[in-house]
């Protein structure tokens, strides 16, 4: 996995040396007048002034899309590599260079002679890039720790980011946990010139309603799947695949198996906890395709052992608990000699597989009811007549506009904020900011059908900000590369054109996809409901004393920081012990990982 870090100042290169922190648990010390690129592998391209720092990982992006290359650029790509070709292309096209690069990338082109730079990440936000425009200089890196290492960058925490983390369980782009540092969003670039930074989106999702027969679309889906898996796979001996047993991971394993003569290696995680173990579905897929299943059962002690490693690996707090099983799955593959894993992430967010899509479709029906009928009959009855509790709940939620309605069940909406947070902390934050970030994205989703606008929202907050960050970092921690066949641009462009009423037929999630996969996936897989690599932390915290003792210790330490009310911490501990352990366990996990991260990073 690649990492890039560096900086540019219009005043020219200084003579002092600065430490630039690289990937987790690694650091690079390099003269400040140079620009460091570490293990590019599609994640980084670097060019500066008259010098070119090699970045062959992006050469495939050039060779795979030669329509923009003329003879001169083609010669440069062949003779001097991708970096030389893209530096020349930047000088010709400027920021429009990014329109000609496909696939996943984090790009930094520096032209020190002109005092200008271009930063960009791929259209889906698979590769990260953070930056700080400090005065007249630009500091940037794949990891926020790289940016923080520069002496011109402050390290102050943002109270708003702490609130946003507890809301989202991660810090969504463009914000970061630190003052003055931001992250690029999917499809966004930054142009730096004359000491000024300007940002804009060079790409966004475009939804259409392609009117082709369903059978023809199904055939096209299988063709795209084959192309995308083939583009992502490496040598059979060193390539494996995640396998949760769901539609997407099963599809990737099945297509991968069809591309090789030897059994494909599939890696699955199990839990000895009722309601969490999905191993039977992973076995069904492996048996169906003749793949070789490698199963690992995560234990409560495994969780306890992994927490410090996971906290150190992330450059800002990250509270998605499925990072733990993702790490053990990737580690299992690495110990087995694999260097690359294929992941099925993205399928639910391009083919409509999340339960909230169907639920919001039901609420949207209320918008079609004539306003007079709502005002004179439905709402008076719902709010004043006894025995209509379910109707009242439906009306209350249906009256909330999108995208706010998606957050009805958010933990921070279940309690008064004054009950959760100390008043001194609340005075420092905008409690509407999480919803405002979602409104901004919702506005960029256009006038597409409801389900497609929800997909657009999830492309950023569920995928780029959360799931991809989870899988990328855990694979890096395990020492293995990860690729995403279902998030290849070819596949995304195809999926965005499928009619909304095929993606979500009535209340049937992934209607088109399931029908198209009949005869290919096992029937057991097609009947399975979405689950993924969930972690039974709430249950294990009750049952496994060392994990409980650890969590309570971290909560005591979090209490001392003063951003939460003591009474609320007591309340969730008691609720976890006496009530719904899994539900309250999620928020306890988020608090625990925040405190662990703060301590691991000296905050």
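The values are calculated or read from the model by the stated rules, or taken from the named source; none is laboratory data. Treat the numbers as computed from the prediction; the structure is a model and nothing was measured. Cβ sites come from the backbone with ideal geometry, for glycine too, and all protein chains shown count toward neighbours.
I'd like to check something: does the stretch 535-545 contain any residue that is in contact with a strand residue (DSSP E or B) (Cβ under 7 Å, 6 or more places away or on another chain) and crowded, with 22+ Cβ neighbours inside 10 Å?
We begin by selecting, within the stretch 535-545, every residue in contact with a strand residue (DSSP E or B) (Cβ under 7 Å, 6 or more places away or on another chain); these are 536.
Among the residues that remain, those that are also crowded, with 22+ Cβ neighbours inside 10 Å are: 536.
Among the residues of the stretch 535-545, at least one is in contact with a strand residue (DSSP E or B) (Cβ under 7 Å, 6 or more places away or on another chain) and crowded, with 22+ Cβ neighbours inside 10 Å, which makes the answer yes.
Could you list, in sequence order, the residues of the stretch 436-478 that are touching a residue at least 40 places away in the same chain (Cβ under 8 Å) and part of a loop (DSSP other than H, G, I, E, B)? Reasoning before the result, please.
Of the stretch 436-478, the ones touching a residue at least 40 places away in the same chain (Cβ under 8 Å) are 437, 442, 444-446, 448-478.
If the condition is that a residue be touching a residue at least 40 places away in the same chain (Cβ under 8 Å) and part of a loop (DSSP other than H, G, I, E, B), then 445, 446, 448, 449 are the ones that fit.
Filter the stretch 222-259 down to residues that are under 18 Å from residue 290 (Cβ atoms) and modelled with pLDDT under 95 and give me whichever is surrounded by the fewest Cβ atoms within 10 Å (Cβ to Cβ).
Ranking the qualifying residues of the stretch 222-259, first place goes to 237.
Identify all residues within the stretch 483-510 that are part of a strand (DSSP E or B) and surrounded by 24 or more Cβ atoms within 10 Å (Cβ to Cβ); write none if there are none. Step through it out loud before you land on a result.
Step one: filter the stretch 483-510 for residues part of a strand (DSSP E or B), giving 483, 505, 508.
Across the stretch 483-510, the qualifying residue is only 483.
Looking at 470, 460, 390, 452, can you tell me which residue is over 28 Å from residue 315 (Cα atoms), outside the structural domain of residue 130 (by TED's automatic domain parsing) and at pLDDT 95 or above? Write out each step before concluding.
Details: 470 fails: over 28 Å from residue 315 (Cα atoms); 460 fails: over 28 Å from residue 315 (Cα atoms); 390 fails: at pLDDT 95 or above.
From the options 470, 460, 390, 452, the qualifying one is 452.
Given the conditions (1) farther than 30 Å from residue 498 by Cα; (2) over 32 Å from the mean Cα position of the chain (by Cα), which single one is not true for residue 369?
(1)
Would a scan of the stretch 190-210 turn up a residue that is outside the structural domain of residue 483 (by TED's automatic domain parsing), buried (at least 21 other Cβ atoms within 10 Å of the Cβ) and not in a loop (DSSP other than H, G, I, E, B)?
yes
For the stretch 178-189, give me each residue that is touching a strand residue (DSSP E or B) at 6+ places or on another chain (Cβ under 6 Å) and part of a loop (DSSP other than H, G, I, E, B). Walk me through how you get there before you give the answer.
Narrowing the stretch 178-189 to residues touching a strand residue (DSSP E or B) at 6+ places or on another chain (Cβ under 6 Å): 180-181, 183-184, 187-189.
Of everything in the stretch 178-189, those that are touching a strand residue (DSSP E or B) at 6+ places or on another chain (Cβ under 6 Å) and part of a loop (DSSP other than H, G, I, E, B) turn out to be 180, 181, 184, 187.
Inspect the stretch 311-324 for any residue being farther than 24 Å from residue 464 by Cβ and in a helix (DSSP H, G or I) and give the result as yes or no. First the steps, then the outcome.
Of the residues in the stretch 311-324, the ones farther than 24 Å from residue 464 by Cβ are none.
Among the residues of the stretch 311-324, not one is farther than 24 Å from residue 464 by Cβ and in a helix (DSSP H, G or I), which makes the answer no.
Inside the stretch 546-567, can you point out the residues that are crowded, with 17+ Cβ neighbours inside 10 Å and under 19 Å from residue 159 (Cβ atoms)?
Answer for the stretch 546-567, where residues must be crowded, with 17+ Cβ neighbours inside 10 Å and under 19 Å from residue 159 (Cβ atoms): 558, 559, 563, 564, 565.
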